[in-house]
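Trainee: Here it is, the structure, as structure tokens.
The values are calculated or read from the model by the stated rules, or taken from the named source; none is laboratory data. Since this is a predicted model, take the numbers as computed values, not measurements. Here the Cβ positions follow ideal geometry from the backbone for every residue, glycine too, while neighbour counts run over all protein chains shown.
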Amino acid sequence: MAALDLRAELDSLLLQLLGDLEELEGKRAVLNARVEEGWLSLAKARYAMGTKSVGPLQYASHMEPQVCLQASEAQEGLQKFKVVRSGVHAPEDVGPREGALRRRKGPTKTPVPQSSDAPRDPLNWFGILVPHSLRQAQASFRDGLQLAADIASLQNRIDWGRSQLQGLQEKLKQLEPGAA
Amino acid sequence: MKIHLQTTDYGNFLANQTNPLTVSKIDTEMRKRLCGEFEYFRNHSLEPLSTFLTYMTCSYMIDNVILLMNGALQKKSVKEILGKCHPLGRFTEMEAVNIAETPSDLFNAILIETPLAPFFQDCMSENALDELNIELLRNKLYKSYLEAFYKFCKNHGDVTADVMCPILEFEADRRAFIITLNSFGTELSKEDRETLYPTFGKLYPEGLRLLAQAEDFDQMKNVADHYGVYKPLFEAVGGSGGKTLEDVFYEHEVQMNVLAFNRQFHYGVFYAYVKLKEQEMRNIVWIAECISQRHRTKINSYIPIL
């Protein structure tokens, strides 16, 4: 009896895992597309503004992100990641993943307690009158950021699912010889 | 791509570059070459051609000054930026630009000896140099420069005026359109915007007044529809190739520059040569970017120069 229940649980877990994997694939494809779009728009902006006007000269070597990553613990010790604008002061600790999220023309954050003025839009590093392609690039990269956080959460869930699966399979093995 | 370039006039200009070859390196090397050719012209020229050539370098000087000031704002080292400045716009006081705090400082201390001095008249203010003001400064300087250049060509008269004046008028109108387009949704007010438009060209004065009131692309298109030259340009925007307004303007500029070579004995050929070389550089850089980003299909959306 217990074996049957276990099997049912195993099946549902497997189905959920496969669903998650499919979602992950889809999201990865969209992320790749967004990042590619972003880089192409940057190239177009360089075409319109001149190659040296859109490049490492325009940003300070020390940036402050505009967007933070919020890591929260859901049930069963599962970590979820959410992208949060720095204006909203998140009570939970900000994950150490920010370093990995840095991009050349990515969002910047101002540490909320320190500066009194609003966080500076990185678009303004390139001047006030920026061509449309630069704004498009920013929009693409922003979408990509949201997706990246979702992908990280999904991947965590998948890893957790796999470990659950393995645990259940072991239990089943133990039960089977007993039942047989 | 390096191999293809070797077969053209560019020869082995990339020969000394070590791997990896980035787009930025290609761009820098091409600029150096153009600068070398330009210096050759300059060294062989007399008045008034040398004044004409000096006018041409002023636009690059303005860009360099703004680049240096932006760098100062971002607390970058002067050496780093000096390496990236446009070689055609070099002037001796460049290293000192980053010390200036306000435009009047900039003028009195540094630029008074350069050819940029007369363009500072409208820009003198005590506002500190932050991003909005740097942008305003850039556009105002460019406006005064264009107006001075136009007057020079007109006074020169003769075939040069015939050829250069329409080109410069188009440049003025183009700047008016692009400034308007890029200022939608930014903090630039309409009055400020109007002060940035050059006061000559087909759009002056009625068109400019209408443009200053425009609030989106369609309104701008309506203004352009009044002018026979600009109506077809605006209609070509979008379309199948996803052309932007800047692309369409570049195309038109290329056409005008190519026509400049049909007349003889005027200075416009030098201007046209430099501008067409610039377009060529832009095309090469675009192709290089497409290759490095693996977008082979987009390679052909450059502007051919016939």
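Trainee: Mind listing whichever residues of region A:137-163 are under 16 Å from A:LEU13 (Cβ atoms) and β-branched (Val, Ile, Thr)?
Mentor: Step one: of region A:137-163, the residues under 16 Å from A:LEU13 (Cβ atoms) are A:154, A:156-163.
Of everything in region A:137-163, just one residue is under 16 Å from A:LEU13 (Cβ atoms) and β-branched (Val, Ile, Thr), namely A:ILE158.
Trainee: State the number of residues belonging to region B:63-87 that are crowded, with 20+ Cβ neighbours inside 10 Å and away from every other protein chain (no Cβ under 11 Å).
Mentor: 2
Trainee: Among the listed residues B:ASP173, B:ASP192, which satisfies the condition of being surrounded by 22 or more Cβ atoms within 10 Å (Cβ to Cβ) and in the same structural domain as B:MET256 (by the TED database)? Give the steps one after another, and end with the answer.
Mentor: On the way: B:ASP192 fails: surrounded by 22 or more Cβ atoms within 10 Å (Cβ to Cβ).
From the options B:ASP173, B:ASP192, the qualifying one is B:ASP173.
Trainee: Further question: Kindly list the number of the only condition in (1) touching a Ser or Thr at 6+ places or on another chain (Cβ under 6 Å); (2) under 18 Å from A:ARG46 (Cβ atoms) that fails for B:GLU278.
Mentor: It fails just one condition, (1).
Trainee: Can you confirm whether region A:18-33 contains a residue that is in contact with a helix residue (DSSP H, G or I) (Cβ under 6 Å, 6 or more places away or on another chain), within 14 Å of another protein chain (Cβ to nearest Cβ) and in a helix (DSSP H, G or I)?
Mentor: Looking for residues that are in contact with a helix residue (DSSP H, G or I) (Cβ under 6 Å, 6 or more places away or on another chain), within 14 Å of another protein chain (Cβ to nearest Cβ) and in a helix (DSSP H, G or I), one finds none in region A:18-33, hence no.
Trainee: Here's something else I'd like to know. Among what's in region B:239-291 and is within 18 Å of B:GLY157 (Cα to Cα) and aliphatic (A, V, I, L, M), pick the residue that is surrounded by the fewest Cβ atoms within 10 Å (Cβ to Cβ).
Mentor: It comes out as B:VAL269.
Trainee: In the list B:LEU82, B:LEU34, B:LEU53, B:LEU46, which residue meets the criterion of being among the aliphatic types (A, V, I, L, M) and not in a helix (DSSP H, G or I)?
Mentor: B:LEU46
Trainee: Check B:ILE284, B:ILE291 and return the single one that is part of a helix (DSSP H, G or I), out of contact with any helix residue (DSSP H, G or I) (no Cβ under 6 Å at 6 or more places or on another chain) and under 22 Å from A:GLY38 (Cβ atoms). Steps first, please.
Mentor: Numbers: B:ILE284 fails: under 22 Å from A:GLY38 (Cβ atoms).
B:ILE291 is the lone residue from the list that is part of a helix (DSSP H, G or I), out of contact with any helix residue (DSSP H, G or I) (no Cβ under 6 Å at 6 or more places or on another chain) and under 22 Å from A:GLY38 (Cβ atoms).
Trainee: Determine the pairs where a residue that is within 14 Å of chain A (Cβ to nearest Cβ), located within region B:136-152, has a partner that is of a type in the set (Gly, Ala, Ser) and surrounded by 20 or more Cβ atoms within 10 Å (Cβ to Cβ) with Cβ atoms under 8 Å apart, the partner being 6 or more residues away or on another chain.
Mentor: B:ARG138/A:GLY127
Trainee: Something else now. Considering (1) part of a loop (DSSP other than H, G, I, E, B); (2) within 21 Å of B:TRP286 (Cα to Cα), say which one B:GLY228 fails and leave the rest.
Mentor: Answer for B:GLY228: the failing condition is (2).
Trainee: What about B:PHE200, is it of a type outside the set (Ser, Thr, Tyr), more than 29 Å from B:SER301 (Cα to Cα) and surrounded by fewer than 13 Cβ atoms within 10 Å (Cβ to Cβ)?
Mentor: Criteria not met by B:PHE200.
Trainee: Say whether the condition of being over 21 Å from A:GLN70 (Cα atoms), touching a residue at least 12 places away in the same chain (Cβ under 8 Å) and out of contact with any Phe, Trp or Tyr (no Cβ under 8 Å at 6 or more places or on another chain) is met by at least one residue in region A:144-161. Write out each step before concluding.
Mentor: Let us first name the residues in region A:144-161 that are over 21 Å from A:GLN70 (Cα atoms), namely A:161.
Going one step further and asking which of them are touching a residue at least 12 places away in the same chain (Cβ under 8 Å), we end up with A:161.
Checking the rest, the ones that are also out of contact with any Phe, Trp or Tyr (no Cβ under 8 Å at 6 or more places or on another chain) come to A:161.
Among the residues of region A:144-161, at least one is over 21 Å from A:GLN70 (Cα atoms), touching a residue at least 12 places away in the same chain (Cβ under 8 Å) and out of contact with any Phe, Trp or Tyr (no Cβ under 8 Å at 6 or more places or on another chain), which makes the answer yes.
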